[in-house]
Amino acid sequence: MDCEQRLLQKKKAIEEELEQFLPSPQTPLHQAMRHAVFSGGKRFRALLTLCTGEGLGADQRMLLPFSCAVELIHNYSLVHDDSP
């Protein structure tokens, strides 16, 4: 399997894990949170977290919550930066 395919598999795992943290919207706030997180993006920071952890010998399942946390913090900083 080539590098691009491996990264796509990791990105899919990150997306699935994010779905667990932010399930389908129930309130307007929840809708806004999902819009900020799922409006696209490369998930570079989350992928970097996964790849670094795996390079150091950690299991992907253990790393996924931390990768999602990095992604959520990054999305928060983007939303906060756009606030008046």
Heavy atoms of the protein only, probe of 1.4 Å, neighbouring chains included. What is the accessible area of Ser77 in Å², nearest 10? 50 Å²
Put Leu29, Leu56, Leu22, Leu48 in order of accessible area, largest first, probe 1.4 Å, and you get Leu56, Leu29, Leu48, Leu22
Using only Cα atoms, tell me the angle between helix 28-38 and the longest principal axis of the chain; keep it within 0 to 90° and round to the nearest 10. 30 degrees
I'd like to know which of Ser83, Leu50, Ala69 lies farthest towards the positive end of the charge dipole of region 35-84, counting +1 on Cβ of Lys and Arg and -1 on Cβ of Asp and Glu. Leu50
Please give the charge dipole size of the chain, origin at the Cα centre, charges +1 on K and R Cβ atoms and -1 on D and E Cβ atoms. Round to the nearest 20 debye. 60 debye
Leaving out ligands and nucleic acids, and using a 1.4 Å probe, what accessible area per residue does the chain come to in Å²? 71 Å²
Over the chain, with every protein chain in place, what whole percent of the accessible area is carbon and sulfur at 1.4 Å, could you tell me? 60 percent
For the chain, which trypsin sites (Lys or Arg not before Pro) pass both filters: DSSP loop (anything but H, G, I, E, B) and at most 10 other C-beta atoms within 10 Å? Lys42
If we count every other residue with Cβ under 14 angstrom of Ser77's Cβ, Lys/Arg +1 and Asp/Glu -1, where does the sum land? -2
With everything on Cα atoms, drop me the angle between helix 3-21 and the longest principal axis of the chain, reported from 0 to 90° to the nearest 10. 40 degrees
So for the chain, what percent of the C-alpha to C-alpha distances run longer than 18 Å? 44 percent
In degrees from 0 to 90, rounded to the nearest 10, what is the angle of the helix 44-55 Cα long axis to the longest principal axis of the chain? 30 degrees
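The values are calculated or read from the model by the stated rules, or taken from the named source; none is laboratory data. Everything quoted here is computed from the prediction, not taken from an experiment. No Cβ is skipped: glycine too gets one built from the backbone with ideal geometry, and neighbour counts run over all protein chains shown. With ligands, DNA and RNA removed, areas are computed over all heavy atoms of the protein, side chains included. Shrake-Rupley method; radii C 1.70, N 1.55, O 1.52, S 1.80 Å.
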